1. Could you check residue 196 against (1) touching a helix residue (DSSP H, G or I) at 6+ places or on another chain (Cβ under 6 Å); (2) more than 16 Å from the ligand (Cβ to nearest atom); (3) farther than 26 Å from residue 131 by Cα and say which number it fails?
2. Taking the criterion of being surrounded by fewer than 12 Cβ atoms within 10 Å (Cβ to Cβ), at pLDDT 95 or above and in contact with a helix residue (DSSP H, G or I) (Cβ under 7 Å, 6 or more places away or on another chain), would at least one residue in the range 101-115 satisfy it?
3. Which members of the range 155-172 meet the condition of being surrounded by 10 or more Cβ atoms within 10 Å (Cβ to Cβ) and without any contact (Cβ under 8 Å) to a residue 40 or more places away in the chain?
4. Could you please find all residues in the range 128-152 being closer than 26 Å to residue 106 by Cα and either surrounded by fewer than 17 Cβ atoms within 10 Å (Cβ to Cβ) or more than 11 Å from the ligand (Cβ to nearest atom) (or both)?
5. Going by what's in this entry, would residue 214 be described as within 16 Å of the ligand (Cβ to nearest atom) and touching a helix residue (DSSP H, G or I) at 6+ places or on another chain (Cβ under 7 Å)?
6. State all residues of the range 85-100 that are free of Cβ contacts under 8 Å to residues at least 24 places away in the same chain, surrounded by fewer than 18 Cβ atoms within 10 Å (Cβ to Cβ) and not in a loop (DSSP other than H, G, I, E, B); if no residue qualifies, say none.
7. Being within 19 Å of residue 10 (Cβ to Cβ) and touching a Phe, Trp or Tyr at 6+ places or on another chain (Cβ under 8 Å) is the filter here; which residues of the range 23-43 pass it?
Amino acid sequence: MPPTGAKGARLQEIFEAWVAELPTGSPIPSERDLAEHFGVARMTVRLQLDRLAQRGLLYRHRGRGTFVAERRVAHTEHLTSFTEDMRARGLEPGSRLLGIEEIRAGAALAARLEISASSRVVRIRRVRTADAEPMAAEQTHVPARRFPGLLDEDLDHGSLYDLFEHRYAVRVAAADQRVTVTDLSDEEASLLETEPGRPAFRIERTTRDADGTVIEFASSVYRGDRYEVLMHAKRDV
Ligand code: GLP
């Protein structure tokens, strides 16, 4: 139980600090018990719990009660690979290779990769995991000419950016990203082991090497209940 002596808005701060200390999945006492503990109306407690739920710190399970939600994984403006992103947050990154194949670019991909439509492209589809649970479904395209032999590499384990750097001496230097919100399709939900229609982030990334040449176009769908997008912005002085 959190400490007593709080009223109204202060309750929110106290609840937040308290919830942050509790392990994921811990049950929250009933509204009635909390109201009694704090000497406030049940409605006041409900309002504060609703706010925490809206912010993703708690989740409600009909008929079972309120629980501490999983801490979401943050995404910073620093250009990281999935592997680095997860490790920075104390999670063990992993992959499950769904497919790797060489295809003709076609007009749309050619525009993204800044190559001709007849060029060959390697398409890699992976489910990315964090602590062995699906986090994102990812589809990456790279120009085949730049990465000969990529089809034979083991992408079921390890990092694509590590391969870029160590096998091909291609350094990831910059990327443009677009983040949109989407509902999971049946297929995405099954890959991510959750329900269709759940909210998710779609992150598209166009990645360039140090010379400014496009080396990758990727589209990833991250589970909205596990991922968080954070941005750092500076204003010119
Ligand atoms: C992120 C990016 C992808 C990139 C991947 C590489 O998920 N959105 O564009 O392909 O990282 O990650 P890794 O090196 O772990 O394979």
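The values are calculated or read from the model by the stated rules, or taken from the named source; none is laboratory data. Every value quoted in this text rests on a predicted model; they were computed, and no experiment measured them. Every residue, glycine among them, receives a Cβ derived from its backbone with ideal geometry; neighbour counts consider all protein chains shown.
1. Going through the list (1) touching a helix residue (DSSP H, G or I) at 6+ places or on another chain (Cβ under 6 Å); (2) more than 16 Å from the ligand (Cβ to nearest atom); (3) farther than 26 Å from residue 131 by Cα, residue 196 breaks only (3).
2. The answer is yes, given that some residue of the range 101-115 is surrounded by fewer than 12 Cβ atoms within 10 Å (Cβ to Cβ), at pLDDT 95 or above and in contact with a helix residue (DSSP H, G or I) (Cβ under 7 Å, 6 or more places away or on another chain).
3. 163, 165, 166, 167, 168, 171
4. Matches in the range 128-152: 139, 143, 144, 145, 146, 147, 148, 149, 150, 151, 152.
5. Yes.
6. Result: 87, 88.
7. Scanning the range 23-43 gives a single hit, 28.
A quick yes/no check of all residues on (1) at negative phi; (2) charged (D, E, K, R); (3) at pLDDT 90 or above:
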| residue | (1), (2), (3) |
| --- | --- |
| 3 | yes, no, no |
| 10 | yes, yes, no |
| 17 | yes, no, no |
| 27 | yes, no, yes |
| 30 | yes, no, yes |
| 59 | yes, no, no |
| 73 | yes, no, no |
| 76 | yes, no, no |
